[in-house]
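Data first, discussion second: the structure below is written as structure tokens.
Nothing in this text is a laboratory measurement; each read-out follows from the coordinates by a stated rule. This is a predicted model, so every value here is computed, not measured.
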């Protein structure tokens, strides 16, 4: 005959810990299906272009499929990001994880959001969608800042 024993204190604590961890992980995710992520290759190529004052065709610096891209700068309200790109990318009130966030779309849906560390972009060009031919070009031939140009 099999008898069921009451759960031990250790089992109860382990179960509670698992529930707390699951809730914490769920809280770290963003509103949509796309989480901001790091992409060392893209970030490095952007930093290199800004440092050298060189042009960078964004499609040449990515290895994933997209048909539109744009960016936001640090401090941009989450509601403005969702209004511009159609999907939420943060549960926070403002984006603050890096100086810039590149947002990539395919067929009108956000597919990737990549944190970019160089602070090399003009806020007036943010919250806009650019096509696949967009080039990040130095401002007036200088180093340090890049314009989004189609």
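Of the two radii for region 44-134, the radius of gyration is 0.94 times the Kirkwood radius, both from the alpha carbons; that is the Rg over Rh value. Fully extending the segment from residue 47 to residue 64 would add 4.2 nm, taking 0.36 nm per residue of separation and subtracting the current Cα-Cα distance.
Compared with the alpha-carbon gap, the fully stretched path from residue 37 to residue 109 is longer by 24.3 nm at 0.36 nm per residue.
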